């Protein structure tokens, strides 16, 4: 797998995780690359989530806005 394939795979994984968060589910990221992409994609989509950092990865928990 070359570098561009790896980046595309990370982007696809991060996008799926952001879709889960947007749907109200928590998502887990094991790598710093995917975690960074999740942060960027959440910001671009104006989706709020709490990040709980662990030694081996991060949980993203959606923040439900009260209406």
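The values are calculated or read from the model by the stated rules, or taken from the named source; none is laboratory data. Everything numeric here is computed off the predicted structure, so don't read it as measured data. Glycine also receives a Cβ, built like all others from the backbone with ideal geometry; neighbour counts cover every protein chain displayed.
Here are the criteria: (1) outside any strand (DSSP E or B); (2) in contact with a strand residue (DSSP E or B) (Cβ under 6 Å, 6 or more places away or on another chain); (3) surrounded by 12 or more Cβ atoms within 10 Å (Cβ to Cβ). Tell me which single one residue 61 does not satisfy.
(1)
If I go through region 8-34 residue by residue, how many of them are in contact with a helix residue (DSSP H, G or I) (Cβ under 8 Å, 6 or more places away or on another chain), assigned to a helix (DSSP H, G or I) and free of Cβ contacts under 8 Å to residues at least 40 places away in the same chain?
Residues meeting the conditions: 8.
Select from region 37-52 the residues that are in contact with a strand residue (DSSP E or B) (Cβ under 9 Å, 6 or more places away or on another chain) and either assigned to a helix (DSSP H, G or I) or modelled with pLDDT under 95 (or both) and list them in ascending order.
Scanning region 37-52 gives 37, 38, 39, 42.
I need the full set of residues from region 16-30 which are under 27 Å from residue 5 (Cβ atoms) and either in contact with a strand residue (DSSP E or B) (Cβ under 7 Å, 6 or more places away or on another chain) or modelled with pLDDT under 95 (or both), in order please.
Answer for region 16-30, where residues must be under 27 Å from residue 5 (Cβ atoms) and either in contact with a strand residue (DSSP E or B) (Cβ under 7 Å, 6 or more places away or on another chain) or modelled with pLDDT under 95 (or both): 17, 20, 21, 27, 28, 29, 30.
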